[in-house]
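Scroll down for the structure; my scribbles are underneath it.
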């Protein structure tokens, strides 16, 4: 691998790690409107997909439910059934 290819690969790998970490660390904050949280979730998801990282739609839905507060547990359980 030449140095230019290595730099591009490193940037790509770094971008992927950064976006996936950002996606995995996302949690709704108490008092944040659901529309704001959904917008942020979808924005990060689009960035992840743009980096050619495949995320199954079912996983995306389940992961969204996992980003919600405990007060949303009943809703999360109902949606996952």
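Read-outs: derived from the displayed coordinates by stated rules, not from any lab. Values in this document were obtained by computation on a predicted structure and should not be read as measured data. Cβ sites come from the backbone with ideal geometry, for glycine too, and all protein chains shown count toward neighbours.
Take every Cα pair under 8 Å whose residues are at least 6 apart in sequence, average their separation, divide by the length of the chain, and the relative contact order is 35 percent.
How much length would be gained if the chain were fully extended between residue 17 and residue 59, taking 0.36 nm per residue of separation minus their Cα-Cα distance, in nm to one decimal?
Working: separation 42, 0.36 × 42 = 15.12 nm, distance 1.80 nm.
Roughly 13.3 nm would be gained on extension.
Look at 57, 20 and count the other Cβ atoms within 10 Å of each Cβ; fewest to most, that gives 57, 20.
The residues 43, 76, when put in order of fewest to most other Cβ atoms within 10 Å, stand as 43, 76. Compared with the dominant Cα axis of the chain, that is its longest principal axis, helix 3-25 is turned about 10°. If you fit an axis through the alpha-carbon atoms of helix 34-50 and take the longest principal axis of the Cα set of the chain, what angle between them do you get, 0 to 90°, nearest 10? Helix 34-50 sits roughly 30 degrees off the main axis of the chain. With the convex hull drawn over the C-alpha atoms of the chain, the volume per residue is 92 Å³.
Per DSSP H run of at least 4 residues, take -39500 (n - 2.57); add these up for the chain, divide by its residues and hand me the 222 nm value, nearest 500 deg cm²/dmol.
Numbers: 4 runs with 58 residues, N = 81.
Mean residue ellipticity, 222 nm, calculated: -23500 deg cm²/dmol.
GNM on the chain, alpha-carbon springs under 10 angstrom: the most fluctuating residue among 16, 60, 30 is 30. Where does helix 57-66 land angle-wise versus the long Cα axis of the chain, in degrees 0 to 90, nearest 10? That works out to roughly 60 degrees.
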